[in-house]
1. Give me the log10 of I(q) over I(0) for the range 55-100 at q = 0.24, 0.31 Å⁻¹, as the Debye formula computes it from C-alpha points; what are the numbers?
2. Considering all alpha-carbon pairs of the range 48-165, what whole percent are spaced by more than 26 angstrom?
3. Would you give the gap between the C-alpha center of the range 118-142 and the C-alpha center of the range 24-67, rounded to a whole Å?
Amino acid sequence: MRKITPQSAPGASGRTATWADSEGGEDLPAPLSAEQARRWRTQHPQVSVGRALVMQVLTGTLVAALAWLLTDRAQVAWSAAYGALTGVIPAAVAAKGTRRWAAPGFPPGAALAGLLLWEGVKLALTVGMLLAAPRILGALSWPALLIGLVLTIKMYWVGLLWARPKKSTHGQAHEE
């Protein structure tokens with residue numbers, strides 16, 4: 001086995017060595033000053049996960065209503081609604097759980113571990129809800145349940161894009 005080593009050792013400038021497959025001469029960006037960081041945070045505010053969850057709930061409600069209107073069967077509507085809940089509830093639990101791990105000053109490695117932990121919880125909760133569906137709903141429509149689940153999960157991204165701050169004509173960010 002061949003050991004991969006850098007071409008040159010760190011120089012007096014403190015820059016790291018370049019690797020054989022990297023382009024030489026790439027300069028690292030300069031760190032932001034406190035004022036530049038404040039300005040960047042003002043122009044790029046955090047997006048609320050709550051808005052994405054609200055978008056998922058609205059989508060689930062719409063899917064269940066459409067299922068009722070199109071089929072005139074309560075079983076199909078309840079299945080679609082349960083599918084939507086199977087997407088929303090685990091996402092809400094994971095969002096609540098990861099808030100603590102995303103606090104400023106929290107060690108990045110621990111924050112990543114927390115994110116992975118809560119993603120695992122979300123996955124386990126989703127699978128558990130799907131396995132419990134026949135007992136909870138009795139007679140159910142798997143296609144309607146899965147359509148409700150998939151559309152709700154896909155709306156998460158639409159909700160995040162919708163909640164993205166827009167730039168005003170004055171260059172300041174604001175949410176709509």
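1. Evaluating at q = 0.24, 0.31 Å⁻¹ gives log10 I(q)/I(0) of -0.75, -1.00.
2. The share of Cα pairs beyond 26 Å in the range 48-165 comes to 26 percent.
3. Centre-to-centre distance over Cα atoms comes out at 29 Å.
Every number here is computed from the coordinates shown, using simple stated rules; none is lab data. All values derive from a computational prediction rather than experimental measurement.
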